[in-house]
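**Student:** Structure incoming, see below.
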Amino acid sequence: MMFVETWVRTPVSEALGWALFHSLWQGVVAAAILAVITARRSAQARYVSACAALVAILLCFVHSFWHGLPGDGLGWSPRRIPAPLAFLDASSDLPAAAALFEGGKLAWLTPFWLAGVVFFQMRMASGWLGTVRLRRRGVCDAPGPWKARLAELATRMRVSPPVQLVESGLASVPVVVGHLRPVILLPAGLLLAMSPAQIEAILLHELAHIRRHDYLVNLLQTAVEGLLFYHPAVWWISALIRAEREHCCDDLAVAASSSGSAHQYASALAALEQSRCAGTMLNRKETAAIAATGGSLMKRIQRLLHPVTRPAPANGWAVTPVIVVVVLASLAALRSTAAPQADGDPDPYLRWLNEDVTYIIETGERDAFLGLKTNEERKHFIGQFWLRRDPTPGTSKNEFQEEHYRRIAYANERFVSPVHQGWKTDRGKIYIVYGPPDEIESHPSGRQGGPPSEQWLYEFLEGIGRRVIVEFLDSSRDGEYRQTRDPSRKR
Amino acid sequence: MPSEPPKPTDAELEILCVLWSRGPSTVRAVHEVIAERKPTQYTTVLKQLQVMADKGIAQRDDAQRSHVYQAARSREWTQRQLAGDLLQRAFEGSAGSLVLGALSAKKTSKRELAEVRRMLDDYEKGLFR
């Protein structure tokens, strides 16, 4: 539990939480667009668009995550969620409560998401191992004449890699396995049971998969499913890709068959399904799966037999620009929401108050700032705030302001803890308020068996005194140094 | 019916695959197919077939001069037998979506199949009317 909590409090987790959140609407938008523009397109067009939509959702997810990370190329400036001051001050006492507010509740989604990702990717890995086993276990070469016939069909289909034809005692339907060295596995005995014309139709379908690199695409698709598994739109799009992939292969196989007859091809599919069902109908476990087919075979055969209902085979690539435009537009929209504008958005001002100057602003100033109504007033206030502290008011340079931001940058660079950004740590806070100490005594591996510690010596601190020592202890030994005494209260 | 044969080992499954694929075969024919994938001694195949016959996985027809073997059970039966195996089940669940076939991993129901048949017949009638 401690570990999960620590993880949730990291900026990475927060960024992930936001990316997960944003992907919810992004996926819905992508699916809606896909449904509208491809309603009456060819199988190939629908397939390409669905793949593009899936890629778009993934890119949006990566994009939101990337831009949600702190730093974002600027080196500093935590984003979006202003840290309430009350919790900042109490951070050493109430780390968990502070994290809930600082990190936002969305970060708590990420442990669940990660668990899901691990589950789905493991499942995919085990499936992949299964296909590797399927290639080798309980197989024998198909008879020579059929291997020769396959080579002929492959040339007709313009399939370039050499394709192996193997009979398997474990496969219950003909399948393709492998991308670089594809193998077509036929259930052992199928070659004896079906007519040569029917076998050819099935081989053509499998060759179409190889020609279209479906195995590789399907592998990538499964990996993406495993990342975005929580999203119903992703599953819908993925199922669409799977269905249209088969339609595309049906079309290719009919076009390449010697008869060119959709009816013969459809009969071959039906015969194949019948031979499978006849053999295994008795299996209780498998009958449970039957109801869930959604009639995919029937739809395919209907589609093959009645090409009238098939829309004109429009160019599959025609819709891709639309998807690309949509993706770019949504990325742009996201960008503008991620980078708050100077006007009409209170965030940058709140951030200035709660992050930039939170340690140095006086209570009276804070109250005055919070009382301001318009951004114009706030802008003016910030100008005056720095001007009051400028040691050389006549010049264009404000040494105080520059030094202050230098300290923040330094703290962020040097005092990062596993949980907090540098400026939020105790050492960061002291550094930003009092500047570099005159001496540092550091015991990174602890003193006399004690925890790692650091003592900072300030020769003189205004309002506090001479030779002030501030001590930091990493008592839990996790890189989080905590201040042991308050220099303003006690010498 | 004699008691159920035990689950075949991987080597036995390979030989069964040949028997299902080629139908009843002589030891020589089985050896030829096996040797295509990996160098194997004729006597090894012979020995394995004899063991399989003893276990009841394969059946020997002694009527002819050279013994002809055939699989005792169908491929579907053996697949069901192996599906009891945990590894096999795990595979079916996860590999099913990774391989690509002319048919989906899930089966079509009997009713649907009958409907498909009817559709094909109607189409044919329409063609020849």
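**Student:** Just checking, which of A:Leu220, A:Leu282, A:Leu272, A:Leu227 is open to solvent by 50 Å² or more (accessible area, probe 1.4 Å), modelled with pLDDT under 90 and not hydroxyl-bearing (Ser, Thr, Tyr)?
**Tutor:** So the residue among A:Leu220, A:Leu282, A:Leu272, A:Leu227 that is open to solvent by 50 Å² or more (accessible area, probe 1.4 Å), modelled with pLDDT under 90 and not hydroxyl-bearing (Ser, Thr, Tyr) is A:Leu282.
**Student:** Test A:Ile210 against the stated conditions and say whether it is among the aliphatic types (A, V, I, L, M), within 25 Å of B:Arg37 (Cα to Cα) and either in contact with an Asp or Glu (Cβ under 6 Å, 6 or more places away or on another chain) or open to solvent by 40 Å² or more (accessible area, probe 1.4 Å) (or both).
**Tutor:** For A:Ile210, the condition - among the aliphatic types (A, V, I, L, M), within 25 Å of B:Arg37 (Cα to Cα) and either in contact with an Asp or Glu (Cβ under 6 Å, 6 or more places away or on another chain) or open to solvent by 40 Å² or more (accessible area, probe 1.4 Å) (or both) - is not met.
**Student:** Oh, and also: Can you find a residue that is modelled with pLDDT under 80, touching a Lys or Arg at 6+ places or on another chain (Cβ under 6 Å) and within 7 Å of another protein chain (Cβ to nearest Cβ) anywhere in region B:95-104?
**Tutor:** Checked against the condition, which is being modelled with pLDDT under 80, touching a Lys or Arg at 6+ places or on another chain (Cβ under 6 Å) and within 7 Å of another protein chain (Cβ to nearest Cβ), region B:95-104 yields no hits at all.
**Student:** Given the options A:Ala233, A:Ala255, A:Ala266, name the one that is in a helix (DSSP H, G or I) and within 11 Å of another protein chain (Cβ to nearest Cβ).
**Tutor:** On inspection, the qualifying residue turns out to be A:Ala266.
**Student:** Among the residues of region A:448-485, which ones are in a loop (DSSP other than H, G, I, E, B) and open to solvent by 50 Å² or more (accessible area, probe 1.4 Å)?
**Tutor:** Residues satisfying the conditions are A:Gln448, A:Gly449, A:Glu462, A:Gly463, A:Ile464, A:Ser475, A:Ser476, A:Arg477, A:Asp478, A:Thr484, A:Arg485.
**Student:** Can you confirm whether region A:449-459 contains a residue that is at pLDDT 85 or above, of a type in the set (D, E, K, R) and within 18 Å of A:Tyr481 (Cα to Cα)?
**Tutor:** Scanning region A:449-459 turns up at least one residue that is at pLDDT 85 or above, of a type in the set (D, E, K, R) and within 18 Å of A:Tyr481 (Cα to Cα).
**Student:** Of a type outside the set (Phe, Trp, Tyr), over 17 Å from A:Ile237 (Cβ atoms) and modelled with pLDDT of 85 or more, is that true of A:Leu69?
**Tutor:** So A:Leu69 fails the test.
**Student:** Does A:Arg135 satisfy the condition of being part of a helix (DSSP H, G or I), loosely packed, with under 15 Cβ neighbours inside 10 Å, of a type in the set (Lys, Arg) and out of contact with any Pro (no Cβ under 6 Å at 6 or more places or on another chain)?
**Tutor:** The answer is no for A:Arg135.
**Student:** While we're on this one: For region A:159-166, check the following and say yes or no: at least one residue is within 11 Å of another protein chain (Cβ to nearest Cβ), surrounded by fewer than 24 Cβ atoms within 10 Å (Cβ to Cβ) and modelled with pLDDT under 90.
**Tutor:** Within region A:159-166 (the criterion being within 11 Å of another protein chain (Cβ to nearest Cβ), surrounded by fewer than 24 Cβ atoms within 10 Å (Cβ to Cβ) and modelled with pLDDT under 90), the answer is no, since none of the residues qualifies.
**Student:** Hey, could you check region A:377-403 for residues that are open to solvent by 70 Å² or more (accessible area, probe 1.4 Å) and within 39 Å of the chain's Cα centre (by Cα) and say which is farthest from A:Leu350 (Cα to Cα)?
**Tutor:** A:Glu402
**Student:** What is the number of the single condition among (1) out of contact with any helix residue (DSSP H, G or I) (no Cβ under 6 Å at 6 or more places or on another chain); (2) open to solvent by 10 Å² or more (accessible area, probe 1.4 Å) that A:Arg156 does not meet?
**Tutor:** Of everything listed in (1) out of contact with any helix residue (DSSP H, G or I) (no Cβ under 6 Å at 6 or more places or on another chain); (2) open to solvent by 10 Å² or more (accessible area, probe 1.4 Å), A:Arg156 misses just condition (1).
**Student:** What's the number of the condition A:Leu185 fails, among (1) in a helix (DSSP H, G or I); (2) not assigned by TED's automatic domain parsing to the domain that holds A:Val29?
**Tutor:** Every condition holds for A:Leu185 apart from (1).
**Student:** Moving on. What single numbered condition from (1) farther than 30 Å from A:Phe61 by Cα; (2) modelled with pLDDT of 85 or more fails to hold for A:Lys373?
**Tutor:** Checking A:Lys373 against (1) farther than 30 Å from A:Phe61 by Cα; (2) modelled with pLDDT of 85 or more, the one that fails is (2).
**Student:** I've got another one for you. List every residue pair whose Cβ atoms lie under 9 Å apart, where the two residues are 6 or more positions apart in sequence or sit on different chains, the first residue falls within region B:12-40 and is facing another protein chain (nearest Cβ under 10 Å), and the second residue, located anywhere, is assigned to a helix (DSSP H, G or I) and basic (Lys, Arg).
**Tutor:** B:Glu12/B:Lys55; B:Glu14/B:Arg37; B:Leu16/B:Arg75; B:Cys17/B:Arg75; B:Trp20/B:Arg75; B:Val30/B:Arg22; B:Val33/B:Arg22
**Student:** Does at least one position in region A:28-38 carry a residue that is farther than 30 Å from A:Glu244 by Cβ, outside any helix (DSSP H, G or I) and either of a type outside the set (D, E, K, R) or in contact with a Ser or Thr (Cβ under 8 Å, 6 or more places away or on another chain) (or both)?
**Tutor:** no
The values are calculated or read from the model by the stated rules, or taken from the named source; none is laboratory data. Just so you know, these numbers come straight off a predicted model, no measurement behind them. Heads up, the Cβs are rebuilt from the backbone with ideal geometry, glycines too, and the neighbour counts pull from every protein chain shown. Each accessible area value is taken on the protein alone, full model and side chains, heavy atoms only, with ligands, DNA and RNA left out. Shrake-Rupley method; radii C 1.70, N 1.55, O 1.52, S 1.80 Å.
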